[in-house]
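Notes follow the structure.
Just so it is clear, none of the values below were taken in a lab; they were calculated from the coordinates. Everything numeric in this text was worked out from a predicted model, so none of it was measured. When we count neighbours, we look across all protein chains shown, and the Cβ atoms used for this are built from the backbone with ideal geometry, even at glycine.
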Amino acid sequence: MQGTIADLPLHGKKLFFASDFHLGAPSFEASKLREQRIIQWLDYVTEEAAAIFLVGDIFDFWFEYKEVVPKGHLPFLSKLSQLRDRGIPILFFTGNHDLWMKEYFTQELGIPVYHSPLEKDFGRSWRWIGPRG
C-alpha cells in the first residue's frame with residue numbers, strides 16, 4: 001500500500017484528519033491527559049469515520065529501531081488497533097517529530113506509514129496529503 005491510497009468509499013461517512021498531538025511532551029502527566037482526550041475523540045468519531053488520517057507529529061519523538069519501539073502510549077496504540085479491527089482505515093503520515101517510524105505500525109497495527117506526500121481524489125477535488133515538518 002506504500003505510495004498509494006486505496007479507494008476509500010465514504011458511504012455517507014466522513015474523513016477525519018488530525019495532527020500535532022505531540023504525545024510524550026511536555027511532561028508525562030500532560031501527555032497522559034492529552035492521550036485520554038484523543039482517545040475520547042476517537043471514540044466520538046468512530047461511527048462516522050470512513051477513514052482517519054494522522055498527519056504528522058502524533059508523537060513528540062518516535063525513535064523506532066529494528067526490534068525496539070518507544071515505551072508508553074499503550075492506550076492510544078490500543079485504540080488505534082481497535083479501530084483497525086473494526087475495519088476503519090488509518091493512514092499515518094510522518095512529521096518532523098515522528099519521521100523515524102519504520103515497520104511497527106504497519107506490521108503490528110495494520111496502519112500504513114507514509115514518509116512522502118500522496119495525491120488523493122476525494123470526489124470533488126484532488127488533495128495532497130503528506131508529511132509536514
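Details
- Pairs are defined by a Cβ separation below 6 Å, a sequence spacing of at least 6 or placement on different chains, a first member in region 22-48 that is free of Cβ contacts under 8 Å to residues at least 24 places away in the same chain, and a second member that is loosely packed, with under 12 Cβ neighbours inside 10 Å and not aliphatic (A, V, I, L, M); no pair meets this definition.
- Selection within region 7-42 - acidic (Asp, Glu) and over 21 Å from PHE93 (Cα atoms): GLU29
- The listed residue being part of a helix (DSSP H, G or I), more than 23 Å from SER116 (Cα to Cα) and not aliphatic (A, V, I, L, M), out of PRO75, PRO26: PRO75
- Here LEU54 passes the criteria (1) within 22 Å of TYR114 (Cα to Cα); (2) assigned to a loop (DSSP other than H, G, I, E, B) except the one numbered (2).
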